[in-house]
Ligand code: 3AM
């Protein structure tokens, strides 16, 4: 059976707590638009693969038996509303080059092996609200939330009783 997979960076508990605080502040600005993303689902996507069979997953893990996780930190220093995706996210205007390089390598590998092809540029972001439609208000400026990249996960996305859940299939650290 195929699984829906993506590569992402997990958040430390401290970054999660700051983002939970941000969500609470933002809820009134959004005036009830959208659904709050549970903190357990916070992640920074590097590359989305889509559906992957067990055989393809075995080959993928063999190709990525070694991965150098970049030693970088970033600041989530602004909010963005992406109307097509219907999401409000915390993002940055300063993407560390080493993180972009890893995202590009993972995306290239995905495209070369018949998985999802990412045409949109890599924009590091943490989705905070989903299902946000027709937001007219400007989003406020925020106190930057620091985030250190220490690990990368291969994640599987599954539908649980309370909605989508993400579970780590493999974790690379440094
Ligand atoms: O919603 P975010 O960006 O936080 O990045 C997307 C998502 O996280 C990506 O995979 C992550 C986990 O679902 N993703 C999901 N569906 C996608 C699609 N159809 C997708 N990226 C591109 N196309």
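Before moving on, here are some points about what is shown:
- Segment 1-89 - convex hull of alpha carbons, volume per residue in Å³: 133
- Across segment 24-76, Cα-Cα pairs farther apart than 13 Å form 78% of the total.
- Cβ-derived FRET efficiency at R0 35 Å, residue 164 paired with residue 113, nearest 0.05: 0.90
- Principal-axis tilt of helix 54-63 within the chain, Cα atoms, nearest 10 degrees: 90
- Value of [θ]222 nm, deg cm²/dmol, for the chain, DSSP H segments ≥ 4, -39500 (n - 2.57) each, nearest 500: -8000 deg cm²/dmol
- Space enclosed by the convex hull of the alpha-carbon atoms of the chain, per residue, Å³: 118
- Each 10 Å bin from 0 upward holds the following percent of the Cα-Cα pairs of segment 95-174: 12, 34, 38, 16, 0.
- For the peptides 24-37, 94-107, 53-66, residues were scored by their other Cβ atoms within 10 Å and the scores averaged per peptide; the highest-first order is 94-107, 24-37, 53-66.
- Cα long-axis angle, helix 13-30 against the chain (0 to 90 degrees, to the nearest 10): 50
- Rounded to the nearest 10 degrees, the angle from helix 97-112 to the longest Cα principal axis of the chain is 60 degrees.
No value in this document is a laboratory result; all are computed from the given coordinates. Remember, predicted model here, so these are calculated numbers, not experimental data. Please note: Cβ atoms are built from the backbone with ideal geometry, for glycine as well, and neighbour counts cover all protein chains shown.
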